[in-house]
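The values are calculated or read from the model by the stated rules, or taken from the named source; none is laboratory data. Since the structure is predicted, the reported quantities are computational estimates derived from the model, not experimental observations. Here the Cβ positions follow ideal geometry from the backbone for every residue, glycine too, while neighbour counts run over all protein chains shown. Keep in mind that these areas ignore ligands, DNA and RNA; they rest on the heavy atoms of the full protein, side chains included. Shrake-Rupley method; radii C 1.70, N 1.55, O 1.52, S 1.80 Å.
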Amino acid sequence: WAAVSLADKLHTLTSMFAAGERPTGSRDPYGLRRAAQGVVRLLVDLPDLTGLDLRLTLGDLVSEPMDEAFWQFMVDRVRFVLEQRGYDGRNVRAVTYGDARQLAPLTAKRKLEALPEFTDTPEFKQLAILFKRVRNIARNLDATAADRGGRLNEPAEVALASEVQKLAPVVEATVASGTGYRAAFGAAAKLGPAVAKFFDDVMVMAEDETLRDARLRLLRRLETLILQLADVSEIVPEEK
């Protein structure tokens, strides 16, 4: 019954969007928001409703090409449902970051169940504030270029590299199993001081190209790991 319900709602959504019909403002004559929210609720509650622990992504369910307006609409509906269930809006944005096709509503819910335990800790706040800087600087890395094989020697960068190495298996195991997000967020939070020390002591954009490349690759590795959990820069406390 869950599969039939999903198929029915998704058929309505994709057909209407393909025909150029989409909600605008308060106008939604075909109930597309309601249909999309029904899809999201089914995906979020699937284990409780059916006993099936399936972390289905939106892309798993829609194979035909759809425009970006459709995918953004679906992300907005995921966020709406999760916020309606009482989760903080900033946390919701953090765990629904990225390609909508890869967004699994059940996974987002599980992250949200663990995340609030850490968002008010000093270490996590520190990481959240610095993560935007990590992402901005990591963009300077040419991902298509070969690794220059540079070595990290400064104590702060060696320490950060060690912390990233410890974090990697925790994140990878969590992503593979779809469980253990509390442990993963806890491990990520511990990186805050190491990231702060790195930026205090290290000039990332060094004149030496090999050294610069090594430092940028370290930041890109950190960015990739953290983004598998959430875009924690969304959780920076709002200015009062």
Could you give me the percent of Cα pairs per 5 Å distance bin for region 78-186, shortest bin first, beginning at zero and ending with the bin that holds the maximum distance? 2, 9, 14, 20, 22, 14, 10, 5, 2, 1
All other residues with a Cβ under 10 Å from the Cβ of residue 28 taken together, and with Lys, Arg as +1 and Asp, Glu as -1, what is their net charge? +3
Principal-axis tilt of helix 155-177 within the chain, Cα atoms, nearest 10 degrees: 20
Links exceeding 19 Å between C-alpha atoms in this model, out of 111/190; 132/166; 111/197; 132/190; 125/190, come to 132/166; 111/197
Hey, what angle do you get for helix 68-84 against the long axis of the chain, alpha-carbon based, 0 to 90 degrees rounded to 10? 90
So what is the relative contact order of the chain, in percent, for Cα pairs below 8 Å that sit 6 or more residues apart? 23
Report D for region 15-163 in µm² per second (integer): Stokes-Einstein, Kirkwood Rh on Cα pairs, 37 °C, 0.692 mPa s. 178
For helix 32-50, what angle does its Cα long axis make with the longest principal axis of the chain, in degrees from 0 to 90 and rounded to 10? 70
Only Lys, Arg, Asp and Glu count, each charged at its Cβ (+1, +1, -1, -1), so figure out the dipole size of region 57-190 about its Cα centre, rounded to 20 debye. 300
What accessible area per residue comes out for the chain, rounded to a whole number of Å², with a 1.4 Å probe? 51
